[in-house]
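Comments concern the structure below.
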Amino acid sequence: MLVAQDDAHKILDKAVARIKADAGVKMDFLITLYDFSGEEQYSDKGVLKIDGEKYALLSDQMKLWCDGETQWSYLASNNEIYISEPNADDARTFSPVHIMELYKEGYKSSMDKKLSTSSVDAITLVANARGLEIDKVTILMNKKTSQPEKLKVFYENGTSATIEIDSYKAKCKFSAKEFRCREKDFRGVEFVDMR
């Protein structure tokens with residue numbers, strides 16, 4: 001069992017190191033949210049940009065920016081943008097990098113032989129204790145590129161999400177403004193400062 005866990009750790013560490021070394025990563029994704037019964041509730045395509053501690057998640061229904069010091073969260077259905085300090089829990093909710101490092105924070109990891117194929121390693125992370133927002137995660141990693149292809153996240157409240165990564169581009173050059181929300185781009189939207 002320890003060998004399988006060590007193998008899972010090595011694969012995850014290699015993938016995270018690859019993303020960090022690729023500084024300036026852009027991933028196109030499809031996220032699908034499911035309710036308690038497993039019925040699809042929501043699906044949306046978007047892009048995730050990561051550059052060190054900065055990130056931006058942009059889709060039609062949701063936008064999240066973080067410049068390393070300030071975070072802005074926008075849900076189209078609320079017509080509000082919340083301004084807060086960066087929070088590791090928020091990043092963990094959507095960032096493949098943070099999700100892949102959960103095993104360092106109270107999650108047991110193992111190789112999932114049933115889902116693994118000749119081209120994909122499947123790793124499952126399970127929370128060691130109750131009370132954590134994420135209960136379980138299954139990550140499909142491309143063996144050749146060490147890039148995540150699909151994540152299935154199960155939340156403690158019984159809901160789940162599938163994140164399918166359609167494309168991965170490395171060494172992208174982003175401007176600082178791509179990680180900040182500009183009020184002039186959201187006229188008529190209420191800004192709520194939570195700091």
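Take the alpha carbon atoms of the stretch 170-195, find their center, do the same for the stretch 113-154, and report the distance between the two centers in whole angstrom.
About 31 Å separates the Cα centre of the stretch 170-195 from the one of the stretch 113-154.
Which residue, A122, T162, L33, has the largest displacement toward the positive end of the dipole of the stretch 21-166 when charges sit on each Cβ (Lys, Arg +1; Asp, Glu -1)?
A122
Among the GluC sites (Glu not before Pro) in the stretch 1-85, which ones are in a DSSP loop with at most 14 other Cβ atoms within 10 Å of the Cβ? Mind listing them?
E39, E53, E69
When the helix-only estimate is applied to the chain (DSSP H runs of n ≥ 4, each -39,500 (n - 2.57), divided by the residue count), what is the mean residue ellipticity at 222 nm, nearest 500 deg cm²/dmol?
Per the formula, -5000 deg cm²/dmol.
When the chain is treated as a GNM, springs tying every alpha-carbon pair under 10 Å, which of A23, A15, A129 comes out with the largest mean-square fluctuation?
Largest GNM mean-square fluctuation: A129.
Given K45/K171; K136/K169; K114/K173; K10/K49, which pairs have Cα atoms separated by over 32 Å?
Going by Cα-Cα distance, K114/K173 fall outside the 32 Å limit.
Under 16 Å Cα-Cα from K184, which lysines qualify once same-chain neighbours fewer than 8 residues away are excluded?
Result set, ordered by chain and number: K63.
How high is the relative contact order of the stretch 66-195, in percent, with contacts defined as C-alpha pairs under 8 Å that are six or more residues apart?
After rounding, I find 24 percent.
Angle between the Cα long axis of helix 2-21 and the longest principal axis of the chain, 0 to 90 degrees, nearest 10?
In the chain, helix 2-21 runs at an angle near 30 degrees to the longest axis.
Find which of A8, V97, G68 sits farthest along the positive direction of the dipole of the stretch 3-136, computed with +1 on the beta-carbon of Lys and Arg, -1 on that of Asp and Glu, about the Cα centre.
Of the options given, the answer is A8.
Counting only heavy atoms of protein chains, what accessible area per residue, in Å², does the chain have with a probe of 1.4 Å?
55 Å²
Below 8 Å, C-alpha to C-alpha, sequence gap of six or more: please give me the relative contact order for the stretch 29-136 in percent.
After rounding, I find 11 percent.
Report the charge-dipole magnitude of the chain in Debye, nearest 20, computed about the Cα centre from +1 at each Lys and Arg Cβ and -1 at each Asp and Glu Cβ.
Here the chain has a charge dipole of around 840 debye.
Looking at the square roots a ≥ b ≥ c of the eigenvalues of the Cα gyration tensor of the stretch 95-195, which shape do they give, rounded for a/c under 1.5, prolate if a/b is larger than b/c, or oblate?
Oblate, because a/c is 1.5 or more while a/b does not exceed b/c.
Within the accessible area of the chain, what % is carbon and sulfur when the probe is 1.4 Å and the other protein chains stay in place?
Summing carbon and sulfur atoms, their accessible area is 49 percent of the total for the chain.
Given Cα pairs under 8 Å that are at least 6 residues apart, what percent is the relative contact order of the stretch 1-87?
15 percent
Taking a 26 Å limit on the Cα-Cα distance, which of the listed pairs K20/K108; K14/K177; K113/K150 fall beyond it?
K14/K177
Quick one: 3J(HN,Hα) in Hz for the stretch 119-133, Karplus 6.51/-1.76/1.60 with θ = phi - 60°, rounded, Gly and Pro as x.
Whole-Hz 3J(HN,Hα) from phi for the stretch 119-133: 10, 10, 8, 10, 10, 10, 10, 10, 4, 7, 9, 6, x, 8, 4.
The values are calculated or read from the model by the stated rules, or taken from the named source; none is laboratory data. The shown structure was predicted, so the numbers you read here are calculated from the model rather than taken from an experiment. Positions of Cβ are backbone-derived with ideal geometry, glycine not excepted, and every protein chain shown enters the neighbour counts. In case anyone asks, the SASA skips ligands and DNA or RNA and just uses the protein heavy atoms, side chains included. Shrake-Rupley method; radii C 1.70, N 1.55, O 1.52, S 1.80 Å.
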